[in-house]
Each structure stands twice: as C-alpha cells, then as structure tokens.
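*Asks:* Can you read through this structure? Questions will come right after.
Nothing in this text is a laboratory measurement; each read-out follows from the coordinates by a stated rule. Only a predicted model underlies this, so the values are computations on that prediction, with no experimental measurement involved. Every residue, glycine among them, receives a Cβ derived from its backbone with ideal geometry; neighbour counts consider all protein chains shown.
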C-alpha cells in the first residue's frame, strides 16, 4: 500500500496551502514571514484579489482580521510558532467578540531543531493557544494539509471559533544552514 | 503642550458631526466613553480591551470597506503600544483611514501616570516618519474641523495627535458585549449573520 504522505512531495504542500485557502474565499492574508510559508506568501502577494499585509508583530494580525470580518471578508494569519506568544492578550478580542480566526503556524523548536532558542516558545505554542481557547490541529504529513485547513476553516468561519493548524517541523523539514 | 487644552468630549463631538456612514473604531478606556457620549451608533466598534489593537481593526475595516470612511479614535497609551502598527498601516496606505489620537500625555485609566507622549514623544511625527500621507499635531478646534473634513474627503491616510486636557470627565459606558457590538456593525453594513 502506498504511503499517503508521498501523494504530495515536499515542495507541493507549500503550494497546497495557497490553493486550499483560495477555495475558502480568503481575501486577506496577514503574516510575519517564515520560510515554511514562503511559497504561500509569494503567491498571495502576486494575487490581485487578495490583500496581503506584512506585519511588524503577529498580534497585529488578530485585530486586522477582526476589522476585515466586520467589513464582510475572510482572512488568514500566517506565522511561525515563535509568534504565538506575541498574540496572547490580543486573543481576548477574538474570545470576547467571537470573531472567526484562522491561523496557520509553522513550527520551530521541535524535531531536529538545531537552534535551541526556538525551543521554549515552540514547545509551549500549542498549549498556550489552547489556554486562550484556540482549537489546534497538527499536520505531520503533506496529505493532511488540505483536510486540516478545510476543517479548521469550517469551524472558524461557520462557527466563529479561533482555529490554528500547526505545520510541524517534521513536515517542513530540517532547517539547513549554508555558509 | 499649550496652555488652553481642548476638552476631549468637544473634540470627539466635532469629529462625529454629520458622520453619515463613517465607521468608527475606539481604543479602550476614555476614547470609548467619548464616542459613546457623542451618541451611540450602529457603526461604532468599541474596544474594551485588546490594547494596541484599535488601529489595526481600523485597517482591516478600511481594506474591506474601501467606500466607507474609517475613523480610529484612540488614546496616546493605546497607540504607543502599537507603534509598529503605524508602519504596517503606512505600507497599506488606505486613503479612507484616519487615526485620531486623543493625546493627554497620561494613562488615564490606571491613575494618570505620565505616558511617553507626556514625556515628549510625538506620535504624529512617528506617523509622518513611516509615511502617512498627512499628519498633524492639533491644539485648536478649527484644526479639528479641518480633520473632520479630511476624514470625509477619503483621499489620504491621515494621523493626527490631538492635544487634550487630562481633566477627568464623566464616564459614559458603551456595551461591553463584544458579540453584540460586532453583530450590530455587520447588520448595519447589510451583512447576514
């Protein structure tokens, strides 16, 4: 039986993120850059039907997407796990007003992390999100991407929940450093 | 700051004259009370927390509703927490967004401690340096009227720091029910919930 994780290769899953979000009628993408999101960011920045907003810190994305939703539009927040801590108090906006919130978080500080400075926030990210009432799912293999984002988006936009899909370091691959 | 400081309620009332379909976002604390005191409105989005979030809610509204004027009314302390957001907003540069900072140089909700603006930081100059189309430091009512006209002109990204008195005024409290306020704005904009 074929391994389902080979249905998409390592480069395809990054494009899949963009294509899945496009099927969800996402009009706004707020992000702090991460290598794992680089393909989606590039495609969204080139997409004239989507407003791409580069943030100075991840917490800006939560009120931005709240404002966009007030105006009638759906959006998504892309960040790395180190940015989760920056969002904690701002999540009280989502919690009080029940704004839909869809976040895609590339993980650092787990399997094969060479920079231990990433570990404290990376290891705490999912629990911290859960403490603030954010629902979380982990994608470990490329074939899970579409399904997990679709399901999270349903709960966010149809049920006014805060939802995060964590893209694991195993999925993204070991970060290589060239001199 | 000049000697004859403006009254915050007078400033906000002047900004909201003939507001029509202007969307208003308020920063937590006194700016929310000021906007409520000027008259509750379906197109007001009041924040009671999420400090540092007001300007970015305004940006999200401005980008999703390009045909509406969007006015953020917030305090110096709330805006200081989001100086990076001024850079984010300047990169987007929506021509329908105005940020009006009610600047009394103090943290009014917590015991009137001196803020950074009370120690000399000028937020309008921060906005100018990151590339806002128009910025001003306002200390008289004629300039407030001019700012109101700029909001309705909808042709520039504006930021004004308005020097107001730190004198306490009566608290006029808007609803703290975030879901209600959210749904009220969406319904007023013709959206189905």
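*Asks:* Could you list, bin by bin from short to long, the percent of Cα-Cα pairs of the protein assembly as shown in 20 Å steps?
*Replies:* 30, 53, 16, 1, 0
*Asks:* Restricting to Cα pairs below 8 Å that are 6+ residues apart, what does the relative contact order work out to for chain A? Please round to a whole percent.
*Replies:* Values: 333 pairs, mean separation 43.1, N = 179.
Averaging sequence separation for qualifying contacts and normalising by length gives 24 percent for chain A.
*Asks:* Also: What's the average, rounded to a whole number, of partner chain beta-carbon atoms within 10 Å of each residue's beta-carbon in A:17-30?
*Replies:* Details: counts 0, 0, 0, 0, 0, 0, 0, 0, 0, 0, 2, 3, 0, 4.
Going residue by residue through A:17-30 and averaging, the value is 1.
*Asks:* Tell me the volume per residue, in Å³, of the convex hull enclosing the alpha carbons of chain B. Spell out each step's value before the answer.
*Replies:* Numbers: hull volume 19.9 nm³, N = 193.
Spread over its residues, the Cα hull of chain B gives 103 Å³ apiece.
*Asks:* If you don't mind, another one. Give the calculated FRET efficiency between residue B:42 and residue B:170 to the nearest 0.05, with a Förster radius of 22 Å applied to their Cβ-Cβ distance. Mind showing how you got there, number by number?
*Replies:* Values: r = 23 Å, r/R0 = 1.06.
In this case the efficiency is close to 0.40.
*Asks:* Take residue B:7, project a point 7 Å from its Cα along the Cβ direction, then tell me which residues of region B:157-185 have their backbone nitrogen under 16 Å from it.
*Replies:* Residues B:164-172 qualify, since their backbone N sits under 16 Å from the label point.
*Asks:* Can you compute the modelled spin-label distance between residue B:153 and residue B:191, with each label point 7 Å from Cα toward Cβ, in nm?
*Replies:* In this crude label model, residue B:153 to residue B:191 measures out at 3.0 nm.
*Asks:* Points 7 angstrom from Cα along the Cβ direction at residue A:22 and residue A:117: gap in nanometres?
*Replies:* Inter-label distance under the simple model: 3.7 nm.
*Asks:* What ranking, highest mean first, results for peptides B:34-45, B:138-149, A:79-90 when packing means the other Cβ atoms within 10 Å averaged over each residue?
*Replies:* Values: B:34-45: 19.8, B:138-149: 15.4, A:79-90: 21.7.
Ranked from most to least packed, the peptides come out as A:79-90, B:34-45, B:138-149.
*Asks:* Next question, about the same structure. Sort A:44, A:157, A:114 by Cβ crowding within 10 Å, fewest neighbours at the top.
*Replies:* Details: A:44 24, A:157 18, A:114 9.
Listed from fewest to most nearby Cβ atoms, that is A:114, A:157, A:44.
*Asks:* Continuing with the same structure: log10 I(q)/I(0), Debye, Cα-only chain A, no solvent, q = 0.15 Å⁻¹?
*Replies:* -0.81
*Asks:* Running a GNM on chain A with Cα contacts under 10 Å, which residue among A:75, A:61, A:133 ends up with the highest mean-square fluctuation?
*Replies:* Highest fluctuation among the options: A:133.
*Asks:* Sticking with this one: Sorted by packing (mean other beta-carbon atoms within 10 Å per residue), highest first, where do B:111-117, B:87-93, B:166-172, B:155-161 land? Let's see the in-between values first.
*Replies:* On the way: B:111-117: 14.6, B:87-93: 18.6, B:166-172: 11.9, B:155-161: 21.9.
Order by mean packing, descending: B:155-161, B:87-93, B:111-117, B:166-172.
*Asks:* Of all beta bridges DSSP finds with both residues in the protein assembly as shown, what is the antiparallel percent, to the nearest 5?
*Replies:* 5 percent
*Asks:* For region A:39-143, take the convex hull of the Cα atoms, compute a quarter of its surface area, and give me that in nm², please. Before the final figure, lay out the partial values.
*Replies:* Details: hull surface 30.5 nm².
So the Cα hull casts an average projection of 7.6 nm².
*Asks:* Additional query: Under the definition of Cα pairs under 8 Å and six or more residues apart, what whole-number percent is the relative contact order of region B:56-193?
*Replies:* Working: 200 pairs, mean separation 34.6, N = 138.
That works out to 25 percent.
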